[in-house]
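Engineer: My questions all concern the structure below.
The values are calculated or read from the model by the stated rules, or taken from the named source; none is laboratory data. Treat the numbers as computed from the prediction; the structure is a model and nothing was measured. Cβ placement follows ideal geometry from the backbone for every residue including glycine, while neighbour counts extend to all protein chains displayed. SASA here: full protein model, heavy atoms, side chains in, ligands and nucleic acids out. Shrake-Rupley method; radii C 1.70, N 1.55, O 1.52, S 1.80 Å.
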Amino acid sequence: MPQLFWRSQKALTIRPPILSILVLILGLVLFGLGEALLIAAGAGVSPWTTLAEGISLITDWTVGFATFIISFVVLLAWIPLRQIPGIGTIANAFIVASMLDLTLPYLPKPDLYLFQILQSFIGVLIVGFGAALYLSANLGPGARDGLMTGLTRVTNLPFSIVRSTIEISVVISGWFLGGTVGIGTLLFAFGIGPCVALGLYLVDKTFD
């Protein structure tokens, strides 16, 4: 992780540097915008958003509110795992969910499949760059990332196995509820890691 000048020295602090908070917020805003672009593209979304879409269909909640409720439930699962949320953890739940509902009505919803794929790709890029920014602020992981790291610690299983098991279970559950699964889901699954790495590289080279 790049040691940038805005990075908080402590992830679990109630008095983080203002600059760390600003970078965190910018990263989460971009993260939420990227997720919203994926939804608007209509070609498949990330696993957790697939679940949020499915829940929204059976409850009449907005996707953003469903995303917030999922984050809250996942945070409850942190209790037996003895995970401690940071400011970034709480901000993640509120900002990403809010961005989905605020931006979705105004984003393009292409009919041509080629444009759907292009918009999905752009969405994954923006999610990756947003994730790189909020991670670089070092103010605590998102609810889902904390769940994965907590389960990895208590089960002693490799992180890759824990992450894959959770994400596959989530996307299957969302699909059964009516959430969108498609090329956008595959783009996210295979592209988010490289996009986050690219974002961290660019941020490091630009501000180091």
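Engineer: In the stretch 98-117, which residue that is under 18 Å from residue 64 (Cβ atoms) and of a type in the set (A, V, I, L, M, F, W, C) is surrounded by the fewest Cβ atoms within 10 Å (Cβ to Cβ)?
Structural biologist: 102
Engineer: Mind checking which residues of the stretch 3-25 are open to solvent by 50 Å² or more (accessible area, probe 1.4 Å) and either of a type in the set (Lys, Arg) or within 18 Å of residue 174 (Cα to Cα) (or both)?
Structural biologist: Matches in the stretch 3-25: 10, 15.
Engineer: Something else about it: Hey, among 28, 33, which residue is assigned to a helix (DSSP H, G or I), in contact (Cβ under 8 Å) with a residue 24 or more places away in the chain, open to solvent by 40 Å² or more (accessible area, probe 1.4 Å) and within 18 Å of residue 126 (Cα to Cα)?
Structural biologist: On inspection, the qualifying residue turns out to be 33.
Engineer: Sticking with this one: Filter the stretch 141-153 for residues that are in contact (Cβ under 8 Å) with a residue 24 or more places away in the chain and open to solvent by 10 Å² or more (accessible area, probe 1.4 Å) and give the result.
Structural biologist: If the condition is that a residue be in contact (Cβ under 8 Å) with a residue 24 or more places away in the chain and open to solvent by 10 Å² or more (accessible area, probe 1.4 Å), then 141, 144, 147, 149, 151, 153 are the ones that fit.
Engineer: Name the single residue, out of those in the stretch 63-122 being of a type in the set (A, V, I, L, M) and in a loop (DSSP other than H, G, I, E, B), that is farthest from the chain's Cα centre (by Cα). I'd like the intermediate steps shown before the answer.
Structural biologist: Start the filter on the stretch 63-122 by keeping residues that are of a type in the set (A, V, I, L, M), which leaves 63, 66, 69-70, 73-77, 79, 81, 84, 87, 90-91, 93, 95-97, 99-100, 102, 104, 107, 112, 114, 117-118, 122.
With the extra rule that they be in a loop (DSSP other than H, G, I, E, B), the set shrinks to 84, 107, 112.
Numbers: 84: 18, 107: 19, 112: 26 Å.
The extreme case among them is 112.
Engineer: Hey, another quick one. Has the stretch 43-51 got at least one residue that is open to solvent by 60 Å² or more (accessible area, probe 1.4 Å), over 25 Å from residue 136 (Cβ atoms) and polar (S, T, N, Q)?
Structural biologist: Within the stretch 43-51, not a single residue is open to solvent by 60 Å² or more (accessible area, probe 1.4 Å), over 25 Å from residue 136 (Cβ atoms) and polar (S, T, N, Q).
Engineer: Could I ask something else about it? Cβ contacts < 9 Å: first residue without any contact (Cβ under 8 Å) to a residue 60 or more places away in the chain and β-branched (Val, Ile, Thr), restricted to the stretch 62-88; second residue open to solvent by 10 Å² or more (accessible area, probe 1.4 Å) and not in a helix (DSSP H, G or I), any location; separation 6+ or different chain. Result?
Structural biologist: Sorted first by the residue in the stretch 62-88, then by its partner, the pairs are 69/61.
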